[in-house]
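A quick write-up on the structure given underneath.
The values are calculated or read from the model by the stated rules, or taken from the named source; none is laboratory data. The model shown is predicted, which means the values in this text are computed figures rather than measured ones. All Cβ positions, glycine included, derive from the backbone under ideal geometry; neighbour counts span all protein chains shown. Accessible surface is based on the protein model in full, side chains and every heavy atom, while ligands, DNA and RNA are left aside. Shrake-Rupley method; radii C 1.70, N 1.55, O 1.52, S 1.80 Å.
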Amino acid sequence: MGEPTIEDYLRENRTFPPPPEFVARAVVADDSIYAEAEADFEAFWARRARETLTWYDDFHTVLEWDLPFAKWFVGGTLNVSYNCLDRHVEAGRGGKVAYYWEGEPGDTRTITYAELLEEVCRFANVLKSLGVQQGDRVAIYMPMIPELPVAMLACTRIGAAHSVIFGGFSPDSIIDRVNDAEAKLIVTADGGFRRGTVSALKPNVDAAIASTPSVEHVVVVRRTENDVSMVEGRDHWYHDLMAEASADCPPVKMDSEALLYLLYTSGTTAKPKGIMHTTGGYLAQVAYTHKVVFDLHPDDDVYWCAADIGWVTGHSYIVYGPLTNGATSVIYEGTPDTPGRDRLWAIVEKYGVTQLYTAPTAIRMFMKWGHEEPEKHDLSSLRLLGTVGEPINPEAWMWYYRYIGGERCPIVDTWWQTETGAHMITPLPGVTTLKPGSATFAFPGIGVEVVDDHGRPVERGGGYLTLTRPWPAMLRGIWGDPDRYRETYWSRFPGRYFAGDGCKIDDDGYLWLLGRVDDVMNVSGHRVSTTEVESALVDHEAVAEAAVVGASDPTTGQAIIGYVILKQRFEPTPELVEEIRQHVAVKIGPTARPRTVVVVPDLPKTRSGKIMRRLLRDVAEGRQLGDTTTLADASVVEEIRQRALEAPQED
Ligand code: PRX
């Protein structure tokens with residue numbers, strides 16, 4: 001048996017069983033599917049794939065596993081847009097709303113399944129008319145407008161793979177991604193609305209395109225009406241082409257293992273990895289998890305995943321999962337503080353949102369803004385909450401539970417990655433007793449083990465999170481680089497997928513994610529996770545958000561430096577800072593007490609909201625900053641550097 005390799009300090013004893021009225025209607029109301037999946041995980045997934053999706057040809061083999069290369073539902077054929085659209089319309093549900101779209105300025109569109117199908121067919125014909133063929137790659141660089149899912153679905157209809165590039169990325173990021181994928185066409189928009197102003201997109205494409213020789217055409221959606229330059233023959237307005245296009249476009253029969261999309265994720269080197277997802281396995285796991293983890297009742301629910309479609313969360317749980325399940329969803333274009341800090345809550349009230357899925361970084365921001373904002377609105381339509389993207393600190397979980405969920409909504413804390421494609425560790429809301437801050441248990445059929453440095457399973461305490469068997473939505477590789485795929489995910493622990501995250505198991509077998517193992521600190525020989533110290537800091541009533549890093553220290557190896565954002569009503573006095581520092585010692589123990597706590601106005605984050613601890617380490621150790629290209633707001637680090645210089649140094 002393995003030895004724990006990461007300290008286990010934090011104890012959380014609060015538990016929340018599923019409310020009886022929730023269980024009474026739950027899609028999954030008892031735990032028998034765990035046993036079913038454990039008995040034969042291939043049969044479990046095969047049954048879900050057949051029940052959830054419509055296939056043209058049934059598959060003859062559930063799984064071909066040649067580690068680390070998997071093929072799922074071999075021999076099966078299907079079309080993703082058919083599963084997302086046509087079959088609902090054919091079943092008489094064409095008038096059902098697929099998306100309530102809300103633009104940031106307050107303009108809206110309500111789009112039914114029949115309307116979405118028609119627009120997708122037209123755009124699929126547009127793509128064909130511009131030379132896009134089955135097997136080609138199409139880059140999509142757009143704001144959060146309905147034409148974004150339309151473009152994605154149109155690709156799937158004709159068997160082209162899409163590569164969505166997040167709309168906040170720069171021309172350099174477009175160049176890297178378009179060239180790596182050798183995309184033939186880019187779909188973009190003049191711009192999108194963010195924080196009350198136009199965020200231009202087409203000019204970024206113009207700046208990139210001299211360096212992307214594979215691109216033959218650019219299609220531009222008119223959204224913001226800012227001036228854009230159009231190159232005759234290469235650039236086309238979406239509305240011009242759509243006006244001419246036929247609404248008749250039969251879906252192409254695709255192999256279960258055909259490439260569905262590439263989505264680039266940054267790795268340890270500057271070159272982003274093109275994560276490959278394929279058709280049948282991805283759609284089956286995404287749709288099934290969407291149904292049971294969010295307890296979807298498609299006839300009654302208005303579901304809202306408040307992520308950006310440019311990230312995997314949006315791909316899986318705004319576009320493919322909800323549409324496959326015939327759900328009604330909300331899409332919002334803009335930022336949560338426009339025009340006021342209650343915009344999300346206004347949207348929940350307006351549409352009667354029943355499930356809300358967002359990230360811990362957003363929840364901590366709402367905490368900082370205060371519970372007065374959600375209290376301006378009637379949030380009683382909500383019946384389930386979800387979180388994804390980072391470990392959620394227990395106090396942030398409690399705040400979400402209390403002020404957003406009205407102490408009535410289960411919270412599903414879902415652990416997964418761009419690479420996993422779909423939920424992997426998560427509660428089932430009608431079954432699982434929740435503990436604030438724990439993602440609880442592996443989803444049925446998923447093999448999770450925490451291991452020590454030697455790859456031996458750890459039964460209690462902290463170690464490395466690994467996955468022990470293939471799963472349908474797993475990445476099929478890194479585009480153009482099978483060696484990097486094997487090296488990155490399958491070499492650290494032979495036979496296992498290494499996720500790069502730390503994780504601990506408590507006495508009841510609950511899983512607690514501990515953050516990226518690259519961030520784990522070594523203090524006097526103790527391996528301390530950033531997550532546990534940050535949770536202890538956020539546990540103090542004055543702290544809204546915290547990030548900790550290890551900085552080299554002559555006596556302890558590394559010393560913990562904490563950066564904290566205070567809630568709005570607190571002043572950063574030296575007494576308060578000392579109290580916060582001591583709070584960690586009381587909450588989880590003196591080894592984890594930060595040497596220094598620095599009050600900062602903001603933290604460096606990636607554009608998807610993850611804290612970039614690497615840059616904070618550079619600050620703490622007085623180094624030049626490393627690669628900052630993925631940073632959302634570069635000025636934040638300078639400000640933190642100043643505050644760090646002014647902060648008192650404790651021993
Ligand atoms: O570190 C884990 C964290 O986010 C990483 C995956 O990031 P990305 O590929 O951008 O996908 C994010 C959306 C799925 C993971 O390796 N992470 C994600 N969800 C959780 C989490 N950490 C703790 N708890 C979670 N629920």
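Of all residues in region 135-161, those that are farther than 23 Å from residue 90 by Cβ and either in a strand (DSSP E or B) or in contact with a helix residue (DSSP H, G or I) (Cβ under 6 Å, 6 or more places away or on another chain) (or both) total 7.
Taking strands (runs of 3 or more DSSP E) as the structural unit, those lying wholly within region 1-119 and holding at least 2 residues that are open to solvent by 40 Å² or more (accessible area, probe 1.4 Å) and in contact (Cβ under 8 Å) with a residue 24 or more places away in the chain correspond to 69-74. Could you check, for region 290-307, whether at least one of its residues is away from the ligand (no atom under 16 Å from the Cβ) and within 14 Å of the chain's Cα centre (by Cα)? Within region 290-307, one or more residues are away from the ligand (no atom under 16 Å from the Cβ) and within 14 Å of the chain's Cα centre (by Cα).
Confirm whether residue 473 is within 19 Å of the chain's Cα centre (by Cα), at pLDDT below 95 and not assigned by TED's automatic domain parsing to the domain that holds residue 396. No; evaluated as a whole, the condition is false for this residue. Scanning region 127-149 for residues that are buried (at least 19 other Cβ atoms within 10 Å of the Cβ) and either closer than 14 Å to residue 251 by Cα or hydroxyl-bearing (Ser, Thr, Tyr) (or both) turns up 127, 141. Taken residue by residue, region 401-409 has no member that is open to solvent by 10 Å² or more (accessible area, probe 1.4 Å) and within 15 Å of the ligand (Cβ to nearest atom).
Scanning region 410-439 for residues that are within 14 Å of the ligand (Cβ to nearest atom) and of a type in the set (A, V, I, L, M, F, W, C) gives 411, 412, 415, 416, 422, 424, 425, 434, 439. From 307, 346, grab the single residue that is open to solvent by 10 Å² or more (accessible area, probe 1.4 Å), within 30 Å of residue 614 (Cβ to Cβ) and of a type outside the set (Ser, Thr, Tyr). Only one candidate qualifies: 307. Being without any contact (Cβ under 8 Å) to a residue 60 or more places away in the chain and within 11 Å of the ligand (Cβ to nearest atom) is a description that applies to residue 465.
Do you know which of the residues in region 614-648 that are in contact (Cβ under 8 Å) with a residue 40 or more places away in the chain and not in a helix (DSSP H, G or I) is most open to solvent (accessible area, probe 1.4 Å)? Among those residues, the one meeting the criterion is 629. Residue 233 meets all of the listed conditions (1) touching a residue at least 12 places away in the same chain (Cβ under 8 Å); (2) part of a loop (DSSP other than H, G, I, E, B) but one, namely (1).
Applying the criterion of being charged (D, E, K, R) and assigned to a helix (DSSP H, G or I) to the residues of region 179-209, the residue that is surrounded by the fewest Cβ atoms within 10 Å (Cβ to Cβ) is 206. Being free of Cβ contacts under 8 Å to residues at least 40 places away in the same chain and touching a strand residue (DSSP E or B) at 6+ places or on another chain (Cβ under 9 Å): is that true of residue 161 here? When the stated conditions are applied, residue 161 does not pass them.
The sole residue among 388, 319, 312 that is within 16 Å of the ligand (Cβ to nearest atom), closer than 25 Å to residue 198 by Cβ and under 20 Å from the mean Cα position of the chain (by Cα) is 319.
Considering only region 363-385, state which residues are closer than 20 Å to residue 312 by Cα and either away from the ligand (no atom under 16 Å from the Cβ) or out of contact with any helix residue (DSSP H, G or I) (no Cβ under 8 Å at 6 or more places or on another chain) (or both). Please lay out each step first, then the result.
At the first step, the residues of region 363-385 found to be closer than 20 Å to residue 312 by Cα are 363, 385.
Once the filter is applied, which keeps residues that are closer than 20 Å to residue 312 by Cα and either away from the ligand (no atom under 16 Å from the Cβ) or out of contact with any helix residue (DSSP H, G or I) (no Cβ under 8 Å at 6 or more places or on another chain) (or both), region 363-385 yields nothing.
For region 440-447, the condition of being in contact with a helix residue (DSSP H, G or I) (Cβ under 7 Å, 6 or more places away or on another chain), of a type in the set (Ser, Thr, Tyr) and within 12 Å of the ligand (Cβ to nearest atom) holds for none of the residues.
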